[in-house]
Amino acid sequence: MTPSDHLIFIGGPSGTGKTTIATLLAQRLNGHYIEGDEYHPKANIDKMANGIPLTDEDRWPWLKKLNQVAVSSFSDMKFETDERYIIVSCSLLKKKYRDFIREQNRESPISVKMFMLYDDFDQIYMRMTNRKGHYMKAGMLKSQFADLELPKDDEASVGVFKVYCKNKDPSKIEAEIVQAL
Ligand SMILES: Nc1ncnc2c1ncn2[C@@H]1O[C@H](COP(=O)(O)OP(=O)(O)O)[C@@H](O)[C@H]1O
Ligand SMILES: O=C(O)[C@H](O)[C@@H](O)[C@H](O)[C@H](O)COP(=O)(O)O
């Protein structure tokens, strides 16, 4: 049976466009968008706002909670279509975090796919410098790139893809992802 519940994660370092692309996708697919940053505990937000990168220990409980929220959204939310989409923005910088999310959903009928956005450091740095009022300042980008493990071909075979965003409008990136669903 083809799954009709789809959980799509939009990953990547801060500033790559996760929120922008995930919002567009949710509109396009008549789905619901979950902003992963909203589920960071205050301690994590405080760390990042103070320029301190998160560790694995900071991220594990957040990832677990976020996946639980995403999965329960299929029951908690109303959908207008038979094909039901939840789109989550979540950094998922390391392969082990993506493996963890897949493992959490291994026994489930929900289809899980992940799209890792990436771009050149300088491009993202400039965007983050221009983005006002966000706790995550551009100075943190180095640590985000240090943690970043882009998916290789072995992850594509399990539904994890990378999407190069350089010089592409958000609508183009969104269209590429829809094509790959
Ligand atoms: N493809 C793009 N081209 C140009 N600007 C973009 C693109 N994607 C996002 N932006 C802009 O870059 C900034 C960071 O995007 P955002 O979606 O908040 O990224 P993230 O959620 O990954 O931190 C925002 O000001 C957004 O409008
Ligand atoms: O795992 C992490 O280190 C964080 O999740 C980080 O990658 C995330 O990007 C921040 O929460 C900032 O939020 P934005 O992605 O919206 O800039």
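General observations
- Under the criterion of Cα pairs below 8 Å and six or more residues apart, the relative contact order for the chain equals 37 percent.
- Of the residues L25, I124, F79, the one whose Cα sits farthest toward the positive end of the charge dipole of the chain, with +1 on the Cβ of Lys and Arg and -1 on the Cβ of Asp and Glu, is I124.
- Tail fraction, Cα-Cα pairs, segment 5-180, threshold 29 Å, whole percent: 15
- Least to most buried among V163, V158 (fewest other Cβ within 10 Å first): V158, V163
- Per residue, the average separation of C-alpha pairs within less than 8 Å and at least 6 apart gives segment 40-140 a relative contact order of 40 percent.
- Per-residue Cβ neighbour rank within 10 angstrom, fewest leading, E57, E83: E57, E83
- Check: segment 5-180 dipole with +1 on Lys, Arg Cβ and -1 on Asp, Glu Cβ, in debye: 420
- Modelled label positions at N167 and M126, each set 7 Å beyond Cα in the direction of Cβ, lie 1.2 nm from each other.
- 27 Å Cα-Cα reach of K96 towards lysines, excluding residues that sit fewer than 8 places from it in its own chain: K18, K42, K47, K64, K65, K113, K137, K142, K152, K162, K166
- Residues Y135, Y97, Y33 arranged by fewest to most Cβ contacts within 10 Å: Y135, Y33, Y97
Throughout, read-outs are computed from the coordinates displayed, never taken from laboratory work. Note that the coordinates shown come from a computational prediction; the quantities given were computed from them, not determined experimentally. All Cβ positions, glycine included, derive from the backbone under ideal geometry; neighbour counts span all protein chains shown.
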